[in-house]
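Here is the structure we will look at.
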Amino acid sequence: MVNTQTGEDFHIRLEDAQALDRDCTTLSRHVLQQLQSFSPDAQDISALMTRIALAGKLIARRLTRAGLVENALGFTGTVNVQGESVKKMDIYANDVFISVFKQSGLVCRLASEEMEKPYYIPENCPIGRYTLLYDPLDGSSNLDTNLNVGSIFSIRQQEGNDEDGSAKDLLQSGRKQIAAGYILYGPSTMLVYSIGTGVHAFTLDPSLGEFILANENIKTPAHGPIYSVNEGNFWQWDDSMRDYIRYVHRHDGYTARYGGALVGDFHRILYQGGVFLYPGTVKKAEGKLRLLYESAPMAYLIEQAGGRASTGTQEILDVVPEELHQRTPLIIGSTEDVTLVESFIKEQARISNQK
Ligand code: AHM
Ligand code: MG
């Protein structure tokens, strides 16, 4: 169409329109596209992701101002069910997830690293058959120095009525997850998710208040140069882990990267390949990371990206927990690198069996 007074052409060229379209895929639209359906289930999943994104925006907003606001940082003076000191931001983030799901009709239960028992929203339960499992603010030791932290989430269908509130149906393998992801609070805020159709990453555009598609169908390389582990624990590990680390020290092509916050460390490996390890120690064979809130959601993502996650002897997604807050060793990343770490564990087991 031409403006008759100025002679200007108002037609948007096709490629410009496509560029605009590509640049502006929002999270909710993407979820519906992935599900290829407008069924009530698809609408629910899309609405769930939108609520999680809202929690991410609220937490990101608080984090960007945390150094300026009185009482945002520091400890509460209490310890959580894991026996760890709780930070004010942990509680804020935990409560944000609860409040965004209240009156949503979507989620009946929320189970979090910060709460001993699942939190029920009874008014949602007749219609909301989903449980949200989450680590509201992972890596919170990074908070005091303004380094990256993250939120991790996983969604499961609620099975049974759970009338006694024991949440026994959550004691099933990670294969029961129907969605998982994380929000990374870094130089920009990113939301990475999977609903079983690949792994997709979104960047928060603060001026729009929207998560905009950044990378679709992320694939982790079969091998990568990075190994990411807290080597300060070297003498706490058993021989297999020490032998693996000695191996990477002696071979070209490896580089260490460790930020002390799983979401950021995992995010790098998701894109660039390599392996993240949080093994058990001789004293604490299960390691530090929690199966339901940390290891299983990340395992779901890495499998969707073509990688692997293992305890060292079993796929993480096959582990059936005995309790809600169970911990597992975690070896996660590129298929070849995870398999190499496992080979050291197998070799150690073989030697031990011979003795
Ligand atoms: P948190 O959930 O209490 O923050 O602990 C989990 C964090 C992970 O983000 C990170 O990978 C790990 O603890 C780091 O532990 P460490 O300081 O022992 O290396
Ligand atoms: Mg955590």
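Read-outs: derived from the displayed coordinates by stated rules, not from any lab. Everything numeric here is computed off the predicted structure, so don't read it as measured data. Glycine also receives a Cβ, built like all others from the backbone with ideal geometry; neighbour counts cover every protein chain displayed.
One table, with the values for the structure above:
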| quantity | calculated |
| --- | --- |
| Rounded, prolate or oblate (a/c below 1.5 giving rounded, otherwise prolate when a/b exceeds b/c) for the range 226-354 by Cα gyration tensor | rounded |
| Any cysteine of the chain lacking a neighbouring Cys Cβ under 4.7 Å - listed by number | 24 |
| 22 Å Cα-Cα threshold exceeded, pairs from 87/168; 168/346; 117/288; 176/346; 57/102; 102/176 | 87/168; 168/346; 176/346; 102/176 |
| Test item: Cα-centred dipole of the chain, Lys/Arg +1 and Asp/Glu -1 on Cβ, debye | 560 |
| Label point at residue 161 placed 7 Å out along Cα→Cβ; residues across the range 121-154 whose backbone nitrogen lies under 19 Å | 121-131 |
| Degrees separating the helix 88-101 axis from the principal Cα axis of the chain, which is the longest one | 50 |
| The chain: angle of helix 262-272 to the longest principal axis, Cα-based, in degrees nearest 10 | 80 |
| Charged-residue dipole, Cβ positions (Lys, Arg, Asp, Glu), the range 210-293 about Cα centre, Debye nearest 20 | 200 |
| Selection from 49, 313, 208 lying farthest towards where the dipole of the chain points positive, charges on Cβ | 313 |
| Whole-number percent relative contact order across the range 14-215, with pairs defined as alpha carbons under 8 Å at least 6 apart | 16 |
| DSSP-loop GluC sites (Glu not before Pro) across the range 74-153, with at most 12 other Cβ within 10 angstrom | 116 |
| Sorted by Cβ neighbour density within 10 Å, fewest at the top, the residues 344, 234, 202 | 234, 344, 202 |
| GluC sites (Glu not before Pro) restricted to DSSP loop in the range 210-318 with at most 16 other C-beta within 10 Å | 216, 286 |
| The chain, helix-only ellipticity at 222 nm - DSSP H runs n ≥ 4, -39,500 (n - 2.57), divided by all residues, nearest 500 | -10000 deg cm²/dmol |
